Structures are given as structure tokens and as C-alpha cells.
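The values are calculated or read from the model by the stated rules, or taken from the named source; none is laboratory data. In this text, all values refer to a predicted model and were calculated from it rather than measured experimentally. Every residue, glycine as well, gets a Cβ built from its backbone with ideal geometry; the counts of neighbours run over all protein chains shown.
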Amino acid sequence: MTDHVTTHQAEEDARNEDILIYLNGRIVPKAEAVVSVYDSGFMLGDGVWEGLRLYDGHWAFLGEHMDRLFEAAKAIDLDIGMTPAEMMQALEDTRAANNMETDAHARLMVTRGVKSRPFQHPGLSKQGPTVTIIMEHSRPSIPRPIRLATVPHIRGLPMTQDPKLNSHSKLNCILACIAAEKAGADEGLMLDVNGFVNTTNACNFFIVRKGEVWTSTGDYCMNGITRQKVIDVCRAEGIPVFERNYSLVDTYGADEAFLTGTFGAQTPVSEIDGRPIGEGDMGPMTKRIRALYKDLVARDAALG
């Protein structure tokens with residue numbers, strides 16, 4: 001099987017050829033949005049980022065995304081040089097410059113900046129930080145449920161690289177994605193250090209068993225904002241939801257499985273390691289959660 005699908009697959013949109021990009025306080029045409037080869041993000045993956053989704057003129061859960069960005073920057077001892085309010089204004093200015101109202105995705109990136117010499121020490125980043133916002137017209141176009149393959153790459157311990165950190169250093173996840181595609185799947189299902197099911201290379205992972213919704217403990221994965229919103233809506237609606245350790249045996253026997261992320265919201269999974277999950281399409285619980293999440297986004301927009 002070679003017809004790979006990704007959880008970030010979007011409709012082609014010619015308008016993205018002419019987008020304007022925020023770069024260090026200026027909003028410039030795409031061709032002018034360039035950074036130095038000495039930038040610490042390019043050279044070492046030294047930076048943090050957030051993905052945000054625009055629904056009807058409103059960035060969903062914007063405050064929570066800002067909190068996570070600034071917490072991540074503090075964790076790596078990176079001074080963004082802007083307040084959260086200033087960052088939100090930069091996002092809004094970029095949105096307005098691109099005349100985007102809905103179905104847009106933003107990737108907000110902050111690196112430690114330009115280095116004076118091509119080496120690791122953070123003190124060599126003499127010009128910085130580098131702040132970039134890429135904003136594209138982006139309507140998800142995922143033609144079928146996702147196929148997963150378990151990969152040997154794991155989500156590790158926090159004393160190596162904490163998987164809760166939304167850093168630019170994504171090589172572990174990229175290798176997991178490559179391994180999954182070599183196995184004929186779309187994404188890699190990654191285990192934690194104890195061998196329990198954790199997440200995929202790009203999204204958080206849920207299963208449904210006998211009316212219950214399960215996800216990992218959250219100890220070894222990016223604690224996604226969409227992940228938390230799914231947990232929240234389940235609790236609010238009386239749907240049993242558990243953050244727990246569970247194995248591949250539990251996963252293969254699931255009635256449904258789905259992925260969560262800012263871009264795709266909830267994306268169904270049809271197959272894991274060649275084993276069909278449920279009916280191979282979006283199951284009733286996934287549909288219900290999708291509708292509840294859509295309502296939550298609308299309520300968040302109303303609160304403004």
C-alpha cells in the first residue's frame with residue numbers, strides 16, 4: 001500500500017502562494033521570509049512553536065496556546081522578548097494582512113536566534129530571538145481514516161528530551177513517521193518507555209472500548225490542547241474517559257480509535273498493524289465527540 005495519507009493533509013489552495021508572513025516584527029511576502037543559516041532553529045532545532053486554528057475569525061483556545069508557548073520558552077530558558085498580548089497582536093496583525101477569516105492554520109515559531117559561530121552553546125546566539133508566524137489557508141482534506149503501524153521509536157523520559165515540550169527538535173517523530181510509511185501505514189504509533197501505547201508521531205491517540213474512551217496517562221506525550229478538550233467534553237457529557245496505561249492488546253481489540261490535534265480535530269483510525277479497528281470508518285463515539293468539540297469551539301469563540 002503506497003497511498004499514504006497524513007493527518008495534516010489539506011486542500012490545495014492557490015492563495016497560499018501569495019501569503020504574507022510575520023518575521024521579527026515585519027509582515028513580508030513569502031519569498032522574503034528567510035532566516036540565516038546561522039539561526040539556532042535551523043542549525044540545532046533550538047526553539048519552540050505552537051499550531052493554531054482559525055474558526056470564523058477566532059483563534060480557538062488562544063489563551064491556552066499562548067500559555068503553553070511561554071511556558072515552553074521558560075523551560076528552555078529562551079526570552080521571547082514579547083509579552084503574550086504582543087504575541088497575540090502579532091498573530092492578529094498577520095491574520096488581518098492576509099485577510100483570513102476562517103479555515104486557516106498558523107504555525108508560530110520562536111528560536112534562540114542567530115548564532116555568531118556554528119556551535120551548540122546557547123550563549124553564541126547573539127541576535128535573537130527569531131519570531132515567525134506562517135499562516136495558510138488550510139481546510140483539512142483527509143480522504144479516509146488513518147492507518148497506523150507500531151514503530152520502534154518511543155516517547156522517552158523527561159530527562160532526555162521531555163515529550164511534553166513542543167520543541168523544534170522533531171527528529172524522533174520524523175523517524176517514527178518514516179518507519180510507519182516503510183511499513184505501508186500513514187503514521188507511527190509510538191509506545192512509552194514501559195511499552196504502553198502512547199501517541200502517534202504527530203497526534204495524540206485515543207481508543208474506544210465498550211463505551212469508554214481511553215488515552216495514555218499523559219506522562220510521556222505532548223499534552224495536546226485538543227487532547228484535553230476531548231477529555232473535558234467527555235467528562236461534561238458523562239462519557240467515561242480514562243487517562244491510563246494500556247497495551248497493544250487493548251488497542252487491537254478497540255471498537256474505535258481516533259487521533260486528536262489542532263489541525264484535524266478528531267481523525268478516525270481504520271487499521272493498526274494490519275488489524276482492522278471497528279468497522280474501518282469513523283465510529284459513533286468519534287462522531288459524537290467531534291460534534292461536542294465543534295460546539296466547544298463555537299462557545300470559545302462566543303466568549304471571545
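Structure values in brief
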| item | result |
| --- | --- |
| Strands (runs of 3 or more DSSP E) contained in segment 83-166 and holding at least 3 residues modelled with pLDDT of 95 or more and under 19 Å from the mean Cα position of the chain (by Cα) | 104-111, 130-137, 146-150 |
| Exclusive hit being in a loop (DSSP other than H, G, I, E, B), closer than 27 Å to Glu71 by Cα and not small (Gly, Ala, Ser), set Val48, Val34 | Val34 |
| Extreme residue, farthest from Pro268 (Cα to Cα), among residues of segment 108-126 that are surrounded by 15 or more Cβ atoms within 10 Å (Cβ to Cβ) and among the polar types (S, T, N, Q) | Ser125 |
| So Gly63, is it over 21 Å from Gly128 (Cβ atoms) and not in a loop (DSSP other than H, G, I, E, B) | yes |
| Matching entry among Leu191, Leu157, Leu175, Leu171 (being farther than 30 Å from Asn99 by Cβ, crowded, with 16+ Cβ neighbours inside 10 Å and not β-branched (Val, Ile, Thr)) | Leu191 |
| Residue list for segment 207-233, restricted to those being among the hydrophobic types (A, V, I, L, M, F, W, C) and in contact with a helix residue (DSSP H, G or I) (Cβ under 7 Å, 6 or more places away or on another chain) | Ile207, Val208, Val213, Ile225, Val230, Val233 |
| Selected residue [exposed (fewer than 15 other Cβ atoms within 10 Å of the Cβ), farther than 30 Å from Glu12 by Cα and without any contact (Cβ under 8 Å) to a residue 24 or more places away in the chain] from Asp79, Asp67 | Asp67 |
| Hits in segment 266-281 - residues which are at pLDDT below 95 and either under 23 Å from the mean Cα position of the chain (by Cα) or outside any loop (DSSP other than H, G, I, E, B) (or both) | Asp281 |
| Flag for Lys182 being surrounded by fewer than 19 Cβ atoms within 10 Å (Cβ to Cβ), more than 19 Å from Arg290 (Cα to Cα) and under 18 Å from the mean Cα position of the chain (by Cα) | no |
| Verdict on Met285 being assigned to a helix (DSSP H, G or I), assigned by TED's automatic domain parsing to the domain that holds Ala176 and within 29 Å of His58 (Cβ to Cβ) | yes |
